[in-house]
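Beneath this line is the structure, given in structure tokens, with notes to follow.
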Amino acid sequence: MVEIWNSWWFQNTLVGLLVVSGIAVVLRLRRREYWRLAYREVCRRRGAVICFFVLCLYTLVALIDSVGWRDALRDENGELMRDPRTGKVVYDRGGSALDHLLKGISSKKEKTYSSPMSRESFMLESVNRDGKVLRERPPLKHPGAHLLGTDRIGQDVFCQALKSIRTGMVIGILTTLLAVPFALLLGVASGYYGGLVDDILQYICSVLSSIPTVLFIASFMLIFGRGLPQLCLAMGIASWTGLYRLLRGETLRLREEEFVQAAVAMGVPSWRVLLRHIVPNVMHLVLITAVLRFSSEVLAEAALTYLGIGVGSDTISWGTMINDARTELTRDPIIWWKLCTAFAFMLGLVLPANIFGDAVRDALDPRLRTQ
Amino acid sequence: MLAYIVRRILYVIPTLLGVNVLVFVLFFLVNSPDDMARQALGEKNSDPVQVERWKEAHGYDVPLFWNGNASGIGRVTKTVFFTKSLSMMWGDFGKSDMTHESIGDEIVRRALPSLCVTAPIFLATLLINVFLAMLVATARGSVTDRVTQFACVVFMSISTLIYIIAGQYFFAKLLRWTPVSGYLPGLDCWKFLALPILVGVISSLGSGIRLYRTLFLEEINKDYVRTARAKGLPEWQILFLHVLKNAMIPILTNVPLQLLMLMMGNMMLENFFSIPGLGGYTITALNAQDFAIVRSMVFLGSFLYVVGLLLTDICYSLVDPRIRLG
């Protein structure tokens, strides 16, 4: 599973599919008056629009970081290197397009810590000058090149923070994409058909939701190993029950509405009633839940990673950055830049997501509006 | 009323059984006892003989579901499912895979430190949130309200990790008011508990105030409030005597569930502040890959949740007759 996940073509196809389906959904929704109204309602709030642009910026970085990119290897004369047997061009190990763009900064490695924009190393070193041993800060190999400093092994902190964006966005989006279809299908079926289907689904739901979320994710990660796909799956399974309950209740209400009753009386098959009359009328709840939950999932990732049940330490994320930075605060003088960078980048995603989420909720569901 | 309670209690058993089976599937079918033995022994010394010996020493050497070698009722009881999973239903958690200590004893020992952290946080949060939300609700629509709302969103958007790290840095390292971490049994523990409690309260302020504010505002639009206003009652009396009482129903009926869940401790706080509670116990077990402890904690958590939910439902039905009659 992990090999496929990491493979180059799979990533690019997935990214392409996501972008295309995202655009398709937006184009479809634009045709409906209800969604156009909601769109205008959101646009009336200046704060929400600004937040939307910030979110777009983050998404753009995450997308660039998700596109696979392989450079052809060149020899010292600048000629393309070819496999001697097959004659094919040889590529490097590959990374993302963002890796390619950041190569200029990320390749400038230092020996160890250096503070933001500094010209000399942060650590004192013994230097032998004119026979006397002096303790001083040696100059950096790349003075002033590190906008936010470097970490313990001399890597650029700014690059790490940019790379973490993808991890956070993947967690927020993929978890939702995993949980929503489940919740939608089961919730609508449960509410509409009732009877035995409803009983069984409700039982499964109550069993799953009675396990505390953190403990469920923890045991899932313990069994299946740490990693980004596993974490998304575990959080997806743990989080569909809330939306399921919401949708079941709403479907129970809609089932008794006149337009549904009329459709049933006219002999419309039940799957068509569900698709045409029920699902479009619960979509606003799905969207509200998805948008509002996004931020809490990004926050949860950091906490879980710190607890040792999130993504592994080989995946760059804000959680691993904060985890690394924790020991740096106990030093004297303290090393603050890694923690502050991770904090600022995280806040930069979560705060706009929260504000935008509130705006979307108010626009889509006036009943839930906070007065 | 009695029929409702009996029905509700009977529903607890299948739910717990479901949790038990789910835990069994995760911990014994997906990850077989052989895998567990190999993970515990390490790659180097996991030849079949040692795996068998490890399984025998930890009681995993019997079949999973059906023991054909035993006789009578032993066919069912001498199985991994019965001795390791089903036994948790009557409180027999067995021994740790790593240290061989009784998990049940450890749970009893660690529940109190956990409660010492979580219970004050719960109480303080409830009081502060309700009070502040009330103040915000009286000023609804004003600039103060909007500023508070925005502050709440900002508070919510900050990771708990940051609150803890910042708290430890300012109060323990810079100001030296409290120790950085640690715990002492007995009354001296307040020194160590002050900081975790403070951090816990602050980190839940944002979402708490928002939640209670919405609850209060829902009540404020109801008819009885309009009647009270029409009678000419002052606004503060309406809010603190009438609205508060009604809005507290969903909050207070939730208390039994919250109280039981408090016992599970707070993993994050206990881990950061080295408090020997149940949350810290779970994290240590997770990092040591001690499956027996993790299994027990998952089941214990579910058990407390299900029982808490039962109590909450009963409380609710006592307060609100529409529930039990509906």
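Mean separation of Cα pairs under 8 Å and 6+ residues apart, divided by the residue count of chain A: what relative contact order is that in percent?
Value for chain A: 18 percent.
Quantify how strongly other chains surround peptide B:142-148 by giving the mean number of their Cβ atoms within 10 Å of each of its Cβ atoms.
Taking all residues of B:142-148 together, the mean is 0.
Using a 1.4 Å probe and counting only protein heavy atoms, arrange A:Trp336, A:Trp9 so the residue with the most accessible area comes first.
Sorted descending by solvent-accessible area, the residues read A:Trp9, A:Trp336.
Quick one: compute a quarter of the convex hull surface over the Cα atoms of the protein assembly as shown and quote it in nm².
If I average the Cα hull's projected area over directions, I get 43.9 nm².
Report the net charge of residues surrounding A:Leu292, where surrounding means a beta-carbon distance below 10 angstrom and charges are Lys +1, Arg +1, Asp -1, Glu -1.
+1
Using DSSP loop states and a limit of at most 10 other Cβ atoms within 10 Å to flag trypsin sites (Lys or Arg not before Pro), what is the longest stretch of chain B containing no flagged site?
The reported range is B:177-326.
Tell me what chain A gives for mean residue ellipticity at 222 nm when only DSSP H runs of n ≥ 4 count, each as -39,500 (n - 2.57), the sum divided by the residue total, rounded to 500 deg cm²/dmol.
-22000 deg cm²/dmol
Counting only Cα, what are the radius of gyration and maximum Cα-Cα distance Dmax of region A:68-174, in Å?
19.4, 61
State, as an integer percentage, the relative contact order of region B:2-90 based on alpha-carbon contacts under 8 Å between residues 6 or more apart.
25
What number does region B:172-323 give for Rg over Rh if you use C-alpha atoms and the Kirkwood radius?
1.10
At a 10 angstrom cut-off on C-beta neighbours, averaged per residue, how do the peptides B:24-37, A:311-324 rank from highest to lowest?
A:311-324, B:24-37
Quick one: how many Å² of B:Ser102 are accessible to a 1.4 Å probe, rounded to 10?
40
Given Cα pairs under 8 Å that are at least 6 residues apart, what percent is the relative contact order of region A:278-371?
31
With springs only between Cα atoms under 10 Å apart, run a GNM on chain A and tell me which of A:Val19, A:Val282, A:Val214 wobbles the most.
Result: A:Val19 has the largest fluctuation of those listed.
Among A:Gly267, A:Leu233, A:Pro181, flag the residue with its Cα farthest along the positive direction of the charge dipole of chain A, charges on Cβ as +1 for Lys/Arg and -1 for Asp/Glu.
Towards the positive end, the residue furthest out is A:Gly267.
Would you list, by chain and number, the aspartates and glutamates whose Cα falls below 18 Å from the Cα of A:Lys141, excluding same-chain residues fewer than 8 positions away?
A:Glu110, A:Glu120, A:Glu125, A:Asp151, A:Asp156
For chain B, with only Lys/Arg (+1) and Asp/Glu (-1) charged at the beta-carbon, what is the dipole magnitude about the Cα centre, in debye rounded to 20?
It comes to approximately 1080 debye.
As a test of the definition: with a 1.4 Å probe, what buried accessible area, both sides summed, do you compute for A against B, in Å² to the nearest 100?
3800
Could I get the Rg over Rh figure for chain B? Both from C-alpha atoms, Rh via Kirkwood, rounded to two places.
1.07
Tally Lys/Arg at +1 and Asp/Glu at -1 over every other residue whose Cβ is under 13 Å from the Cβ of A:Tyr58; what's the total?
Local net charge: +1.
Hand me the trypsin sites (Lys or Arg not before Pro) from region A:30-89 located in a DSSP loop with no more than 12 other Cβ atoms within 10 Å, in residue order please.
A:Arg31, A:Arg32, A:Arg44, A:Arg85, A:Lys88
Cut-off 10 angstrom, C-alpha nodes, Gaussian network model of chain A. Which of A:Tyr113, A:Tyr306, A:Tyr193 fluctuates the most?
Most flexible of the set in this elastic network: A:Tyr193.
Just give the residues from region B:210-257 buried by at least 10 square angstrom of accessible area in the all-chains context relative to the isolated chain, probe 1.4 Å, and say none if nothing qualifies.
B:Arg210, B:Arg213, B:Thr214, B:Leu217, B:Asn221
For a bin width of 5 Å, list the pair-distance distribution of region B:30-158 built from all Cα-Cα distances, rounded to whole %.
Calculated P(r), rounded to whole percents: 2, 9, 10, 12, 11, 9, 7, 6, 7, 7, 7, 6, 5, 3, 1, 0.
Normalized C-alpha radius of gyration of chain A, against 2.2 N^0.38 Å?
1.22
Would you calculate the separation in nanometres between label points at B:Asn69 and A:Glu328, each defined as 7 Å from the Cα along the Cα-to-beta-carbon direction?
5.7
Could you give the dipole magnitude of the protein assembly as shown about its Cα centre, charging the beta-carbon of Lys and Arg +1 and that of Asp and Glu -1, in debye to the nearest 20?
1700
How far, in nm, would the chain grow between A:Arg28 and A:Glu136 when pulled straight, counting 0.36 nm per residue and subtracting the alpha carbon separation?
Length difference between fully extended and current span is 32.5 nm.
Could you identify which residue out of A:Val268, A:Val360, A:Val188 has the top mean-square fluctuation in a GNM of chain A using Cα springs shorter than 10 Å?
Checking each option, the largest mean-square fluctuation is seen for A:Val268.
Sorted from largest down, give the three principal axis spans of the alpha carbons of region B:2-90, whole angstrom values.
Between the extreme Cα coordinates on each principal axis of region B:2-90 lie 60, 31, 17 Å.
Given a 1.4 Å probe and the protein chains all in place, what does the accessible area of A:Arg253 round to, in Å² to the nearest 10?
Answer for A:Arg253: close to 110 Å² accessible.
The values are calculated or read from the model by the stated rules, or taken from the named source; none is laboratory data. Predicted model, so just to flag it, every value in this text is computed and none were measured. When we count neighbours, we look across all protein chains shown, and the Cβ atoms used for this are built from the backbone with ideal geometry, even at glycine. Please note that ligands, DNA and RNA were not included when accessible areas were found on the heavy atoms of the full protein model with its side chains. Shrake-Rupley method; radii C 1.70, N 1.55, O 1.52, S 1.80 Å.
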